[in-house]
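Following: one structure in structure tokens, then a few remarks.
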Amino acid sequence: MLIKIARPGDLHESDVTPESIYLSRRRFMGGMVGLGAGLALSGQTRAASDYADVPEGDAPAWLKEKIDATRWQAVTPSDPEQDRVAPFDDASGYNNFYEFGSGKSDPARHAGSLETQPWSVVVDGEVNNGGRLALEDLARPSQFEERIYRLRCVEAWSMVIPWLGIPLAEVIRRAEPTSKARYVRFETLVDPEQMPGQRSSFALIDWPYVEGLRLDEAMHPLTLLALGMYGRELPNQNGAPLRLVVPWKYGFKSIKSIVRISLVAEQPVNSWQRIAPDEYGFYANVNPEVDHPRWSQATERRLPNSLFNPNTIDTRMFNGYADDVAGLYAGLDLRKHY
Ligand code: MTE
């Protein structure tokens, strides 16, 4: 995430990942995606073993079982050339997770020691069936699905990442929202002892990191609670053990290491909106026609790239998911509600 005080040139300087990283990357699943058109459900069967190149994690037994029983490639992106899955090393080495620092390599460097087992999530607010749930109990009733999504950061870079998880809608339904519930508010863990970014006196964020969705956005079938990626559990720097993934919105909506999901009546104020409301809104739908005040959103750098191959592509409305989500915003002025 770019902060308001950044120098004008910082966007490009800080976001160009050294070419050497990409030259040394493993060739990874180049032809895997793009099997179906749009969001076609694929009948292809794959298994976690297809990610043989990816280092094994340390998932507890219940999570390994859920991952083994995943419905693979439940959603794949549409363009086989453009939408190649990023190498695992890029997806787990170039991150935004301010709790562990503001540099792109800080999360991979500092998040390893975050204690993610056991983990519990409080589901509360306007619900009839709330409470504190062990992660296992929150996830167990749902079938894991692999969702290969484009992730478009508001900073104008993007990657294609194969997530594993469960529809947020199922968790919300089980909580039995009351008629007053209109939004969902999410919170990340606060633990300065484990999260060095929360100890920093330079941090702009008023912890916890908060995000929110309208209830219909949260119930949309594309909205995923991810517990894994690349056929294994999430690396800590990607938001272990539980994160949100909302593929048609800028990446900052996809809050990491969630400890609280609250159904609420009022629209929550999300962390970046609180810091710079004229730059980051509540909706944050990917929109090439509405520029960030300090840079264009018309194009993006699809990672991995290099100095010699910047891999700049056109940004698509709703990140390419318009057929599925544009209806949610009928009649809404997207310039005003950025
Ligand atoms: N969640 C928390 N708790 N803290 C953060 O700093 N950064 C957001 C989002 N979720 C962030 C967060 C931003 S700006 C982006 S682009 C994505 O995480 C990046 O996800 P990734 O590192 O898995 O690619």
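The values are calculated or read from the model by the stated rules, or taken from the named source; none is laboratory data. Being a predicted model, the structure only gives us computed values, none of them experimental. Cβ placement follows ideal geometry from the backbone for every residue including glycine, while neighbour counts extend to all protein chains displayed.
Observations on the model:
- Considering only residues in the range 262-297 that are among the charged types (D, E, K, R) and within 14 Å of the ligand (Cβ to nearest atom), the one that is surrounded by the most Cβ atoms within 10 Å (Cβ to Cβ) turns out to be Glu279.
- The range 237-249 residues that are without any contact (Cβ under 8 Å) to a residue 60 or more places away in the chain, paired with ones that are near the ligand (Cβ under 8 Å from one of its atoms) and among the charged types (D, E, K, R) (beta carbon under 8 Å, 6 or more apart): Arg243/Lys256; Val246/Lys253
- Matching residues, the range 235-261, being among the aromatic types (Phe, Trp, Tyr) and near the ligand (Cβ under 10 Å from one of its atoms): Tyr250, Phe252
- Members of the range 304-321 that are surrounded by 15 or more Cβ atoms within 10 Å (Cβ to Cβ), without any contact (Cβ under 8 Å) to a residue 40 or more places away in the chain and at negative phi: Arg316, Met317
- Candidate set: the range 59-111, residues that are touching a residue at least 24 places away in the same chain (Cβ under 8 Å), among the small types (Gly, Ala, Ser) and farther than 20 Å from Gly197 by Cα; chosen: the one surrounded by the fewest Cβ atoms within 10 Å (Cβ to Cβ): Ala69
- Check on Glu279, charged (D, E, K, R), modelled with pLDDT of 95 or more, within 15 Å of Gly212 (Cβ to Cβ) and part of a loop (DSSP other than H, G, I, E, B): no
- Filtering the range 225-261 to residues that are part of a helix (DSSP H, G or I) and either surrounded by fewer than 24 Cβ atoms within 10 Å (Cβ to Cβ) or within 9 Å of the chain's Cα centre (by Cα) (or both) leaves Asn238, Gly251, Phe252, Lys253.
- Meets criteria (at pLDDT 95 or above and either surrounded by fewer than 20 Cβ atoms within 10 Å (Cβ to Cβ) or of a type in the set (A, V, I, L, M) (or both)) for Ala169: yes
- Residue-level analysis places Glu217 outside the set of residues that are within 9 Å of the ligand (Cβ to nearest atom), out of contact with any Cys (no Cβ under 7 Å at 6 or more places or on another chain) and either touching a residue at least 40 places away in the same chain (Cβ under 8 Å) or not in a strand (DSSP E or B) (or both).
- When the residues of the range 290-324 are filtered to those that are β-branched (Val, Ile, Thr) and assigned to a loop (DSSP other than H, G, I, E, B), the one that is farthest from Tyr280 (Cα to Cα) is Thr315.
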